[in-house]
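Notes follow once the structure below has been shown.
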Amino acid sequence: ITVSIISFSSYFLLFTHTILNLLHHIIRYAIRREKGLVRDPKTGLPGPNRPGRYTELADELVTKYGRVGQKALKGWYDYDRKIGKGRAPIPSKEVEQHIAKYASAFRKKNMLPSPPKKLSKEEIVNRILFPLVNEGFKILEENIAQRPSDIDVIYLYGYGWPNWRGGPMFWADNEVKLPTLLRTLEDLHRQHPDTIYFVPSKLLRKCVDMGIGVGEYYERGLNKQSDKDKQVALSKL
């Protein structure tokens, strides 16, 4: 995964490592606990709101191994105060063994292919970043952001997204192309029907049906028009 994200942007990888490994595990664990997903530490029972497809891999990194993040010198990676001021990620054998244990259990239940499927760098990047872009579409649907460029600016200046790729929404419009994004998400959702992150947003489908990018959709003010008005506007293109 690390090598694949480096192929997309080494700076984006470095920045996300810095953000996600500070206190990432304990914060994400607290969010999952608040949502009723994690196992009750007193009764040992699974969370009442846990979906059918759920893995306790990340939960156990916190509860069993105390891998709460960079501050504890161990999260998904190990850290050493003598190396890179304690911020340089070091591959962890403990985490590798933990993941291997879960992978083996999943294969016995036919939840993972056996032998393991080898993914290309492009496939790995798509599985990580396409759901991120899809969430951007959902944020626009819910009017949390006013326009796609708002999301792009946040990722460019707040999360180290590579500026030559223009932000996730611009990247989807101009490099990936929305039909490819939609088709890939649909394929992934068929493979993993219980994973909500692969469910394509309605706005993404609408843009593909209209044959325009999400940037153009907002530039033309189609987000503020009725479906009938949108068809009239598109007929004049």
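Here are the numbers for this structure:
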| read-out | value |
| --- | --- |
| Residues located in segment 85-120, provided they are modelled with pLDDT of 85 or more and more than 24 Å from ARG53 (Cβ to Cβ) | ILE90, PRO91, SER92, LYS93, GLU94 |
| Filter result for GLN70 (touching a residue at least 24 places away in the same chain (Cβ under 8 Å) and not hydroxyl-bearing (Ser, Thr, Tyr)) | yes |
| Subset of segment 55-97 (residues that are exposed (fewer than 15 other Cβ atoms within 10 Å of the Cβ), under 22 Å from the mean Cα position of the chain (by Cα) and part of a loop (DSSP other than H, G, I, E, B)) | THR55, PRO91 |
| Number of the exception - ALA145 against (1) in the same structural domain as ARG190 (by TED's automatic domain parsing); (2) touching a residue at least 60 places away in the same chain (Cβ under 8 Å); (3) part of a loop (DSSP other than H, G, I, E, B) | (2) |
| Segment 23-54 - residue that is among the small types (Gly, Ala, Ser) and part of a loop (DSSP other than H, G, I, E, B) and, of those, nearest to LYS93 (Cα to Cα) | GLY44 |
| Residue in segment 7-18 that is modelled with pLDDT of 70 or more and part of a loop (DSSP other than H, G, I, E, B) present | no |
| Qualifying positions in segment 114-131 - farther than 18 Å from TYR102 by Cβ and not in a helix (DSSP H, G or I) | LYS118, SER120 |
| Selection status of SER149, farther than 30 Å from THR180 by Cα and of a type outside the set (Asp, Glu) | no |
| Helices (runs of 4 or more DSSP H) wholly inside segment 163-222 containing at least 1 residues that are exposed (fewer than 13 other Cβ atoms within 10 Å of the Cβ) | 178-191, 202-210 |
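The values are calculated or read from the model by the stated rules, or taken from the named source; none is laboratory data. Keep in mind the model is a prediction, meaning the values are calculated, not measured. Heads up, the Cβs are rebuilt from the backbone with ideal geometry, glycines too, and the neighbour counts pull from every protein chain shown.
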